[in-house]
Amino acid sequence: MSPVTAVMWFRRDLRLADNPALLDAAASGRVLGLFVVDPLLWGRSGDPRREHLAASLRSLSDSMGGRLVVRRGDPAAVVPAVADEVGASSVHISADYAPYGQKRDEQVEAALTCPLVRTGSPYAVAPGRIRNQQGRPYQVFTPYFKAWLAHGWRQPVAAPAEVTWVKAASDELPPASVVAGEQAALRQWQAYDVSAYEDERDRPDLDSTSRMSVPLKYGEIHPRTILAGLRSDAFRRELAWREFCADLLARYPQAAWKPLRPEFENMRYDEPGELFDAWCAGRTGFPFVDAGMRQLAETGFMHNRVRMVVASFLVKDLHVHWKYGARWFMRSLRDGDLASNSLNWQWVAGCGADAAPYFRIFNPVAQGLKFDPQGEYVRRWVPELRHLRGKTAHEPWKHGAGTYPAPVVDHAEARREALRRYDAIRS
C-alpha cells in the first residue's frame, strides 16, 4: 500500500462542505476518513442519539463512495493504530472544546507518531475567542452577543473539489431507520421559513421552529452555513447563545453538573423518587408539562419553550436537583449537547451565568394557556385529554379529566416552598 498522507478523524463534523479540517487533510494528498465509536460516549447516549449517529455515519460514508472507516474502541488506542496502519503523516480534526473531548484529544496526540492538526471547530466563533476590553471572557450573555456579532465569522467554504479516499478494514455500522446526514440537513434548512421564527418560536402547537439543533449537534451543517445570509436577529441570537454555552463550559468544565453560582451548592433539594418518575413518564397531572415529556419520549425532541417549562417544574415545583433532569434529557434527546443542555438547565434553575432570577417560576398552566392557547399541542401528545375542547385541555380537573392523573403538587404551595429554600441560601 502506498503511504496515506492524512487521516481525517470525523467527530462532530459529519459533512464534507464547510469543513476546514477536511480541506487541510485533502490538500495533503490521499485521505483516510475515520470515525471512532467511543464506548464511553456510546454508552452515555440514549437510543435517539445512537440511532441518529448511525444514520448520519451511513450518509457520510455514502457521500465518500462508501469509504468511511468505522472502528470501535478507545480513541487513544484506535486513532494511533489506524494512523500507523496506513502510514499517515498527519491526523486532522476539528477542535473539540468539551471537557471530555479536550482530554481525549490530548491522550490521542500523546500516543500518535505524527502530528494531530486542529483546524476549525463546531462553532462560528470558537470558545475563548470573545473577550472584553480588559481581555477577560464575558460572564453575561448580552455583551457577549454584541461582541460575537462584532467579531464576525468566516464565510462557508465548499467541499474539496476531489478527494482520493482510501479504504481500510471497517466495523459494521448499527442499523438506522431515520433520515440524517449533510444533504438532509441542507434540505431541512433551505425549506425552513425563518421569517416565522420571530413571532412563532414560542408556540409548540404551531411547530414553527427549525429543528436545526439536531444537525448542528452532529455537525451535519455548520453554523456558518446557517448564518450566511440570515436576516433574523432572533435566530442569530439563539445561535450565539449556543456558542456562549460552549464558551462557558470550556472555561468551567465543572458546570456540566455543578452550579456556576457556588451559593447554590447549599440549596436544599429533594431526592428523586416517585414524583421524578411521574415527571419522566409525563404523568404529573399538568398537561403542558406532560405533553412535553411524552413528546420527548416518543420523538427524542421537545420544543424549546416547553423545555423551559418542564425544567422549571422539576426544579421549582418538585424541588429535584437540576442535574437529574439534565441527565434525563441527555439520555432522551436526539440533539443532546452537553454545553447547551447543562447551561440551559442552570439558566432555568437560577444557578448559572445570566440565569433567570430564581423567583421566576413558570406556572405550567399559565404557560400552556399562553403558548398553546387552543390546547392543540396538549391533545397531540396527551390522548386522554382529546375529549376536551380548546383551552379546557390545560385544566382537565375542572372539565372532566377521565383517566388522566390528578396534579401531583399544588403549584402555588410548591412555588412558596421553592422561594423559602432560595431565601435560605441567600441569608
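Numerical summary
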read-out	value
Residue in the range 352-360 that is assigned to a helix (DSSP H, G or I), buried (at least 17 other Cβ atoms within 10 Å of the Cβ) and aliphatic (A, V, I, L, M) present	no
All positions within the range 219-250 that are among the basic types (Lys, Arg) and at pLDDT below 95	Arg231
Helices (runs of 4 or more DSSP H) (entirely within the range 189-269) containing at least 1 residues that are surrounded by fewer than 17 Cβ atoms within 10 Å (Cβ to Cβ)	197-200, 233-251
Complete set of residues in the range 121-147 that are within 22 Å of Ala355 (Cβ to Cβ) and among the hydrophobic types (A, V, I, L, M, F, W, C)	Ile130, Val140, Phe141, Phe145, Ala147
Candidate set from the range 55-89 (those that are part of a helix (DSSP H, G or I) and among the hydroxyl-bearing types (Ser, Thr, Tyr)); member that is most open to solvent (accessible area, probe 1.4 Å)	Ser63
Filter result for the condition that a residue is part of a loop (DSSP other than H, G, I, E, B) and without any contact (Cβ under 8 Å) to a residue 60 or more places away in the chain, over Thr392, Thr403	Thr403
Filtered residue count, the range 100-119, keeping only those that are within 21 Å of the chain's Cα centre (by Cα) and open to solvent by 40 Å² or more (accessible area, probe 1.4 Å)	3
Single residue of the range 18-54 satisfying the filter (in contact with a helix residue (DSSP H, G or I) (Cβ under 9 Å, 6 or more places away or on another chain), assigned to a helix (DSSP H, G or I) and aliphatic (A, V, I, L, M)) that is nearest to Pro160 (Cα to Cα)	Leu53
So Pro156, is it open to solvent by less than 70 Å² (accessible area, probe 1.4 Å), in contact with a Gly (Cβ under 7 Å, 6 or more places away or on another chain) and either in contact (Cβ under 8 Å) with a residue 40 or more places away in the chain or not hydroxyl-bearing (Ser, Thr, Tyr) (or both)	no
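The values are calculated or read from the model by the stated rules, or taken from the named source; none is laboratory data. What you see is a predicted model, and the numbers here were worked out from it, not measured in a lab. Positions of Cβ are backbone-derived with ideal geometry, glycine not excepted, and every protein chain shown enters the neighbour counts. To get the accessible areas, we keep the full protein, side chains included, count just its heavy atoms, and leave off ligands, DNA and RNA. Shrake-Rupley method; radii C 1.70, N 1.55, O 1.52, S 1.80 Å.
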